[in-house]
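The values are calculated or read from the model by the stated rules, or taken from the named source; none is laboratory data. These figures come from a predicted structure and were not determined experimentally. Counting neighbours? That spans all protein chains shown, and the Cβs are built from the backbone with ideal geometry, glycine included.
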Amino acid sequence: MSLDNSTIQKYLISNFGMSVSEFHEQHNMLVFEVTPDSIHDVVKFLKEDSTLNFNFLTDVCGVHYPDSEEDRQFTVVYHMHNWIDNVRIRIKTYLNAKNPVVDSMTDLFKSANWQERETYDFYGIKFKNHPQLKRILNMDEMVSFPLRKEFPLEDSGRTDKDDRFFGRTVHNS
Amino acid sequence: MSDLLLPPEERYAKLIEEKFKEDGTELQILNLGPTHPATHGIFQNIILLDGEKIIDGEGTVGYIHRAFEKIAENRPFYQINVLTDRLNYCSSPINNTAWWMTVEKALGIEIPKRVQYMRVIVMELARIADHIICSSVMGVDTGALTGFLYVFQYREKIYEIFEEICGARLTTNMGRIGGFEREWSPTAFKKLNEFLEEFPAIWEEFENLLTRNRIFMDRTIGVGGISAEEAINFGFTGPNLRAAGVDYDVRVANPYCSYEDFEFDIPVGTNGDCYDRFCVRNAEVYESLKIIRQALDKMPEGPFHADVPDYYLPPKEDVYTNMEALIYHFKIVMGEVPVPITEVYHPVEAGNGELGFYLITDGSRTPYRLHFRRPCFIIYQAYNDIVRGSMLSDAIITLSSLNIIAGELDA
């Protein structure tokens, strides 16, 4: 018996009600939003429920949306995979710009440890109850969070090259 | 503040003092890396030792972090391919192809069957090259250099095939959106057939040198083992997971590039130790050869790229004489191509496990966000748990059997 996306959706809504929302499919993958307060419970439920069986946390990463409203400027994206029925899902949780904090998944999946450290390192998103939340790829002395959109790719004072001439800018303006 | 947030040397200084007061044992700190021949890459391990036994360790990574995710947010899609080369540089074509497939999924491009088969061939060759390095380096770390030098000739042959296909050897930058940049030359097919003919015997000989070798078995059996549950919890994929007995392979679970057309087995181990990892990789080489043979036999006729003038550069001759070709050339080079607003996660089975590209597009010429799910990065966090309590020399062999590639670790 394989698990289809509508079953997952029904299960989650009946257990978490308003905390899970925005269900849709993208390239055959179920995508939905979870409030930051219940993300840990949802992931725990997905992992431990005997029907859902999402036994593998594939990926954790952050995204920055500086133009969104303040409560939705940071996103943590989780990709989970059920190996028994071979279903993948993507879970998003939106965080506040001033104080981006979300529960750590390290107690459920050890693989979350470094991935959350990486997300902290690059976005400054804090993970509550993480055993070792410190920088991982950048040096410890660094103060900024380099994957935030306001952080420039290169020294903005450079005048010797102009990326616009090489099709290298985000927009052609 | 948790102790774990301190730099390891400070943390260990306390432990050393406590232990000395307790029973007079003198623990010591060993700094393994960042540039140490046994680490095969630039990453540091600070290890707390009791004699030769490892009490604890902490890895420091990021020595060759090159901010690919940041650079990718400022480059059009075709300029990102060169970044993916440098992830797992032992098997660049897999990364390249994975990137093109991610972009094609986002843009909704259908790929001709022939291109898919050609991609399967280069990816499997790259996997063989990757496994050649890992397995033979395990030999080196247990004191057998001969096998390493012997099979490296054949990695060279694989690189010659790559050179024939795309002009480059290590960082291949192979392919384009929609297919390959040129038709494969007859020499490429000739070299490929030569390789398929000669290599199996060589690989068998290499296996004979080590697989039932008493010294090698003593050094690897029961060393650096991890159970299946732990491996899944730690996010293991690829040969390292399969060595623990879990038959998860992205090529079978989520077939891409027509992998469903080919017959092949997934070799699995039982103990998840260094020896099983070695055996699983060796067996996978034969499976890869099997896939390449099938792909060559079944390869249909057809073009070497999809017919997508919006994204695929027109032939150079046309650009000089044909107005339309010139316009397309200019638009593609300057990144003026239509891009839908979408999100894609595309996993492939790379040399070390599930390599995933998570791409968010916002309609502009560059990705809004590109995240690399790098198997090495995720696997390496288990390293200290695996080696805790074992001997220092076992830690070295464990490191090489996990096949941690610094480029993929740091991105």
Out of B:Leu370, B:Leu359, sole residue that is in contact with a His (Cβ under 8 Å, 6 or more places away or on another chain) and either part of a strand (DSSP E or B) or not assigned by TED's automatic domain parsing to the domain that holds B:Ser92 (or both): B:Leu359
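Given the criterion closer than 19 Å to A:Asp67 by Cβ and more than 8 Å from chain B (Cβ to nearest Cβ), identify the matching residue among A:Leu147, A:Leu95. Step through it out loud before you land on a result.
Working: A:Leu147 fails: more than 8 Å from chain B (Cβ to nearest Cβ).
Every option except A:Leu95 fails the conditions.
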Identify all residues within segment B:111-126 that are among the charged types (D, E, K, R) and under 11 Å from B:Phe180 (Cβ atoms); write none if there are none. B:Arg114, B:Arg119
Report, by residue number, each residue of segment B:233-287 that is on the phi < 0 side of the Ramachandran plot, more than 14 Å from every other protein chain (Cβ to nearest Cβ), among the small types (Gly, Ala, Ser) and part of a loop (DSSP other than H, G, I, E, B). B:Ala243, B:Gly269
So A:Lys134 passes all but one of these: (1) within 13 Å of another protein chain (Cβ to nearest Cβ); (2) crowded, with 16+ Cβ neighbours inside 10 Å; (3) farther than 30 Å from B:Asp249 by Cα. Which condition number does it fail? (2)
Selection from segment B:383-396 of residues that are within 11 Å of chain A (Cβ to nearest Cβ) and β-branched (Val, Ile, Thr): none
Can you name every residue in segment B:266-302 that is farther than 19 Å from B:Ser136 by Cβ and touching a Pro at 6+ places or on another chain (Cβ under 6 Å)? B:Gly302
So B:Ser401 passes all but one of these: (1) crowded, with 23+ Cβ neighbours inside 10 Å; (2) polar (S, T, N, Q); (3) within 11 Å of chain A (Cβ to nearest Cβ). Which condition number does it fail? (3)
Residue check for B:Arg182: free of Cβ contacts under 8 Å to residues at least 12 places away in the same chain, within 30 Å of B:Ile80 (Cβ to Cβ) and part of a loop (DSSP other than H, G, I, E, B): no
Could you check segment B:345-382 and list, in sequence order, the residues that are in contact with a strand residue (DSSP E or B) (Cβ under 7 Å, 6 or more places away or on another chain), of a type in the set (Ser, Thr, Tyr) and at the interface with another protein chain (Cβ under 7 Å from one of its Cβ atoms)? B:Tyr345, B:Tyr358
Apart from one, (1) of a type outside the set (Gly, Ala, Ser); (2) in contact (Cβ under 8 Å) with a residue 12 or more places away in the chain; (3) more than 9 Å from chain A (Cβ to nearest Cβ) all hold for B:Thr342; the odd one out is (3)
Within segment B:145-164, considering residues that are surrounded by fewer than 17 Cβ atoms within 10 Å (Cβ to Cβ) and among the aliphatic types (A, V, I, L, M), the one nearest to B:Leu402 (Cα to Cα): B:Leu145
Somewhere in segment A:56-79, is a residue surrounded by fewer than 20 Cβ atoms within 10 Å (Cβ to Cβ) and facing chain B (nearest Cβ under 8 Å)? no
Could you identify the single residue in A:Val87, A:Val77 that is at pLDDT 95 or above, out of contact with any helix residue (DSSP H, G or I) (no Cβ under 7 Å at 6 or more places or on another chain) and among the β-branched types (Val, Ile, Thr)? A:Val77
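Take segment B:358-384 and flag every residue that is free of Cβ contacts under 8 Å to residues at least 24 places away in the same chain and surrounded by fewer than 22 Cβ atoms within 10 Å (Cβ to Cβ).
B:Ile360, B:Asp362
Only one of these is more than 30 Å from B:Pro338 (Cα to Cα), assigned by TED's automatic domain parsing to the domain that holds B:Ile291 and polar (S, T, N, Q): B:Ser92, B:Ser136. Name it.
Numbers: B:Ser92 fails: more than 30 Å from B:Pro338 (Cα to Cα).
Exactly one residue qualifies, and that residue is B:Ser136.
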Tally time: how many residues in segment A:4-43 are in contact with a Leu (Cβ under 7 Å, 6 or more places away or on another chain) and within 14 Å of chain B (Cβ to nearest Cβ)? 1
I need the full set of residues from segment A:150-170 which are at the interface with another protein chain (Cβ under 8 Å from one of its Cβ atoms) and surrounded by fewer than 17 Cβ atoms within 10 Å (Cβ to Cβ), in order please. A:Phe151, A:Leu153, A:Asp163
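Could you please let me know if A:Thr106 is within 11 Å of chain B (Cβ to nearest Cβ), buried (at least 20 other Cβ atoms within 10 Å of the Cβ) and of a type outside the set (Gly, Ala, Ser)? Even if it seems obvious, please write down each step before you answer.
Values: within 11 Å of chain B (Cβ to nearest Cβ): yes; buried (at least 20 other Cβ atoms within 10 Å of the Cβ): yes; of a type outside the set (Gly, Ala, Ser): yes.
Answer is yes for this residue.
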